[in-house]
Amino acid sequence: SYLFLLGGLDTVTATLGCSMAYLASNPEQRRKLVARPELIPNAVEELLRWETPVSLVPRVLKQNVTIGDVELREGNLVNLLIGAANVDPAEFTDPTRVDFERENNRHIAFGAGAHRCLGSHLARMELRAALEEWHRRIPEYEIKAGAVPKVSPGIREQLYLPLVWSAR
């Protein structure tokens, strides 16, 4: 259970920070969630797709494989670009548009197959609860004027995200 808890700690907080940065920078999308909180589960999925926290995963090939015209050999290091897959126009209609009503959102923010994140269901619940509660209490917020948020490399997380809001 310790590994289960620890495994999602940084990725869930990173996803939440990137989601809040997106919503603070896109007030029309944020207001849509405040007006229609039933969209929050879909918004979680769409923000996972758009703000994929682990966008690159290195793997070592266990066997030779040919992809297209490229031959890869056993033992080669390959980088799987999850972030790129989540904006693939072959999979997503209008992939560069964030759509909280997107249907069939088959993103791979949690990986896929044998490497799929065991904590994905818990992560979804945590993200949904955080967005629901935050927007119930603080519906209007923005990034502080003149501030420039900073995002880390690797696991994409907000290193600096100065949000401002007024008390209700």
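The values are calculated or read from the model by the stated rules, or taken from the named source; none is laboratory data. Treat the numbers as computed from the prediction; the structure is a model and nothing was measured. When we count neighbours, we look across all protein chains shown, and the Cβ atoms used for this are built from the backbone with ideal geometry, even at glycine. For the accessible areas, the whole protein counts, side chains as well, though only heavy atoms, and no ligand, DNA or RNA atoms are used. Shrake-Rupley method; radii C 1.70, N 1.55, O 1.52, S 1.80 Å.
Under DSSP H, which helices of the chain have Cα atoms covering 20 Å or more of the helix axis and a Kyte-Doolittle average no less than -0.5?
Qualifying helices, which must be both long enough and hydrophobic enough, are 2-25.
Would you mind computing, in nm to one decimal, how far apart the modelled labels at L9 and Q63 are, each placed 7 Å from Cα along Cα→Cβ?
Modelled inter-label distance: 3.8 nm.
Estimate the FRET efficiency between E140 and E103 by the formula 1/(1 + (r/R0)^6), using the beta-carbon distance for r and 41 Å for R0, to the nearest 0.05.
Efficiency at R0 = 41 Å is approximately 0.90.
R31 to V151: FRET efficiency via 1/(1 + (r/R0)^6), r the Cβ-Cβ distance, R0 22 Å, to the nearest 0.05?
Here the calculated transfer efficiency is 0.40.
Please list the non-local residues whose amide H lies under 5 Å from the amide H of L80, H modeled 1.01 Å from N, same-chain partners needing a gap of 5 or more.
Correct list: V57, R59.
Who wins for biggest fluctuation among N105, N42, N79 in a Gaussian network model of the chain, springs between alpha carbons below 10 Å?
Looking only at N105, N42, N79, the largest GNM fluctuation is found for N79.
Debye calculation, C-alpha points only, no solvent: report log10 I(q)/I(0) for the chain at q = 0.11 Å⁻¹, in the same order as the q values.
Summing over Cα pairs of the chain leads to -0.51.
With each run of n ≥ 4 DSSP H residues scored as -39500 (n - 2.57), what mean residue ellipticity at 222 nm is computed for the chain after dividing by its residue count and rounding to the nearest 500 deg cm²/dmol?
Result for the chain: -12500 deg cm²/dmol, rounded to the nearest 500.
Tell me, what is the FRET efficiency for N76 and A129 to the nearest 0.05, using R0 = 35 angstrom and their Cβ-Cβ distance as r?
Given R0 = 35 Å and the Cβ-Cβ separation, E is 0.25.
Specify the residue with the greatest mean-square fluctuation among L61, L118, L47, computed from a Gaussian network of the chain linking alpha-carbon atoms under 10 Å apart.
L61
Run the numbers for V164 and A112: contour at 0.36 nm per residue of separation, minus the present Cα-Cα distance, in nm.
15.0 nm
If I build a Gaussian network model for the chain, linking alpha-carbon pairs within less than 10 angstrom, which residue out of A24, A43, A35 has the largest mean-square fluctuation?
Top of the fluctuation ranking is A35.
Might you tell me the accessible area per residue for the chain, computed with a 1.4 Å probe and given in Å²?
That works out to 62 Å² per residue.
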